[in-house]
1. For the charge dipole of region 11-108, defined by +1 on Lys and Arg C-beta atoms and -1 on Asp and Glu C-beta atoms about the Cα centroid, which residue among Leu58, Ala21, Ala77 has the Cα displaced farthest towards the positive pole?
2. Determine the principal axes of the Cα atoms in region 149-228, then give the extent along each, sorted from largest to smallest and rounded to whole angstroms.
3. How much length is gained on full extension from Ile195 to Leu213, taking 0.36 nm per residue of separation minus their Cα-Cα distance?
4. Heavy-atom accessible area of Thr200 with all protein chains present, probe 1.4 Å, nearest 10 Å²?
5. Give me the number: length gained by fully extending Tyr149 to Val220, i.e. 0.36 nm times residue separation minus the C-alpha to C-alpha distance, one decimal in nm.
6. Which of Lys59/Lys174; Lys52/Lys210; Lys120/Lys174 have a Cα-Cα distance over 21 Å?
Amino acid sequence: MKKANPKLILILGVLGISISAILVRMSDAPSLVLATYRMMWTVILLIPFSLKNTLPELKMIKKKDAAVSVLAGIFFALHFTLWFESLKHTTIACSTVLVDTDVIFAAIGYCILMHGSIPKKGMLAITITICGSVLTALSGGSNAEASLYGNTLALIAAVLIAGFTLTGKYIRNKGISTSAFTLIAYPVCLVTLLILDFATGTPVAGYKLKELLIGLGMAVFCTLLGHSILTFK
């Protein structure tokens, strides 16, 4: 069977993640609830298609690798919570610029924690990404919507998603499949979000159907066709 074009897959992943901020702004639900709906749909869609074929591999995963996958799920949950909240306190442009700095944190972490090195082309790609993000922010202009609080949340969210990316890289280096990793990380992410809902007294029911549909769209395009691809490709 002919393999899919890696460049096409990469473009698909970028496009999937790119619509995330727009969908968040369309929602009227609390940030935690929207993140919970997103991961609820992700798990519902993922398990029926992946569990049967991946179960033998899951049984063979070492405790350390499973623990790293669990940590990734926690990083993912906190990233969603903080970034979604940042979009309620600052502009999409500013929030996107700051969350896109995750490539810098991921590169630094890769070099320090995994003793890796970034080739010149990689450094150029990171520079282009950051410059493009800055141009996006500048095109939005400055206005009163931007706030230090929202921008700080976005920056912390960038660090957290960089942590998710690095844990995914670690797991991939161990020869573990994307399916096995996500079957651990994504349910852990959902459980973490539900715990946060309970701890903060945030109700997860009683919202309009629109919120569930936005969560479904984010699950399909932003998570399954976005983060799942970019973390491993």
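1. About the Cα centre, the residue reaching furthest to the positive side is Leu58.
2. On the principal axes, region 149-228 reaches 43, 29, 23 Å in Cα extent.
3. Working it through step by step, the gained length comes to 4.2 nm.
4. 90
5. This chain segment gains 22.6 nm when fully extended.
6. Check vs 21 Å cut-off fails for Lys52/Lys210; Lys120/Lys174.
The values are calculated or read from the model by the stated rules, or taken from the named source; none is laboratory data. Bear in mind that the values here come from a model prediction, so they are computed numbers and not experimental data. No Cβ is skipped: glycine too gets one built from the backbone with ideal geometry, and neighbour counts run over all protein chains shown. Keep in mind that these areas ignore ligands, DNA and RNA; they rest on the heavy atoms of the full protein, side chains included. Shrake-Rupley method; radii C 1.70, N 1.55, O 1.52, S 1.80 Å.
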